[in-house]
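Notes to accompany the following structure.
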Amino acid sequence: MEHIFTRDFMIAALAAIAAAAVVFTLGFSLLGRGGVSMKQRIRRVALEREKMRAEEMARLRGGAQQDNTRGSIRRVAGREYVTNVVNRFSLQKMFADDKTVEALARAGYRGQGPLNTYVFARFVTPFALFILAFGYLSLTIFAEKPLYLNAIYALFIGIIGAFLPNLLLKNRTIKRQQSIKRAWPDALDLMLLCVEAGMSVEHAFKRVAKEIGMQSPELAEEITLTTAELSFLEDRTRAYDNLGKRTGLDVVKSVMTALIQADRYGTSVGTSLRVMAEEGRETRMMEAEKKAAALPPKLTVPLIVFFLPVLFIVIISPAIIRISQTGAFGALGK
């Protein structure tokens, strides 16, 4: 017992406790890192991105909409039915690939749900249009014609319907790209001001997404996703590259390439953004001049069809009225 309360024994005991604590701390940290797989980390990042995207879109559209219980239950049931059909018939292997996912992302549809809906629509639309067209033609305008002829017409309509989801997706993509392209020069100027004011790229992106939301919610959504990727991804260049791929616009890709080069080689981000902003303003001016130059040829046909006949009537009508009155008075005098 006397050796326990000696100074050497107390120092040795405290050193042993400190060493054990260090070992346990490092061991638990290593076990904790090893316990989380890469797939789980990617899933967490995806969930966080979707959460930030939903919150930002709710803010941009004036607040979250009220939840409808019956509507939400129906939507969930419909999604489950679509997912079951897609998995049962392996529709993704037939109608989807990497380009399909990129095309859906350019249209603003991300995740597994929109992909399942798209491939389900491509699978169901031809059959649905065939049945509807065959019933309509057989009961209305072509009721007197043979059924096989109506079936041929309905089959032709069904084949056309196979391309309907692609047309709708392309139309959605074009509208989204036009909105982003229209607001991109202003967003680039705001980004330049934020960077020159001393903000980091992440804070500049976040501020631009907040300010540009009233003009283009689509661009604000893309910039918000880029902000989230800059926070979560280890390689910042992947976030810039993903923004260029999601938008599919050359003007955005060129700016992202400049940011990637600035981040990789250590050049000034403000200088790169200033050059790209000047090019964006020049491009906008050139497009405005092009539209102004194309205006006179476009107005030629409306002028000939609508304005010139009215102008001729206004000019010639007094002479015609006078001639008719003169002829009438001469006939009365005779």
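Please treat every number below as a calculation from the coordinates, not as lab data. Bear in mind that the values here come from a model prediction, so they are computed numbers and not experimental data. In this analysis, Cβ positions are derived from the backbone assuming ideal geometry, glycine residues included, and neighbour counts consider all displayed protein chains.
Counting other Cβ atoms within 10 Å as a rough exposure proxy, the listed residues Met94, Met199 run Met94, Met199 from fewest neighbours to most. Spin-label model, Met285 to Ile304: label points 7 Å out along the Cα-to-beta-carbon direction sit 3.5 nm apart.
In whole Å, how far is the Cα centre of the stretch 172-227 from that of the stretch 249-316? Measuring centre to centre over Cα atoms gives 19 Å. Derived value for the stretch 137-240: Kirkwood hydrodynamic radius 17.3 Å. Basis is the mean of 1/r over every pair of different alpha-carbon atoms. Distance distribution P(r), the stretch 180-287, all Cα-Cα pairs, bin width 10 angstrom from 0: 16, 53, 29, 2 percent. Using R0 = 51 Å, the C-beta based FRET efficiency linking Phe312 and Gln112 works out to 0.20.
Ranking of Glu289, Glu279 by neighbouring Cβ atoms within 10 Å, starting from the fewest: Glu289, Glu279. Toward the positive end of the charge dipole of the stretch 75-162, with +1 on the Cβ of Lys and Arg and -1 on the Cβ of Asp and Glu, the farthest Cα among Pro126, Gly111, Val82 is that of Gly111. Hey, with R₀ at 41 Å, roughly what FRET efficiency would Phe89 and Asp235 work out to, going by the Cβ-Cβ distance, to 0.05? The value I calculate is 0.65.
Legend: ranking of residues Arg207, Arg106 from fewest to most surrounding C-beta atoms inside 10 Å; resulting order Arg207, Arg106. Its alpha carbons considered, the stretch 75-162 gives a radius of gyration followed by a Dmax of 16.4, 48 Å.
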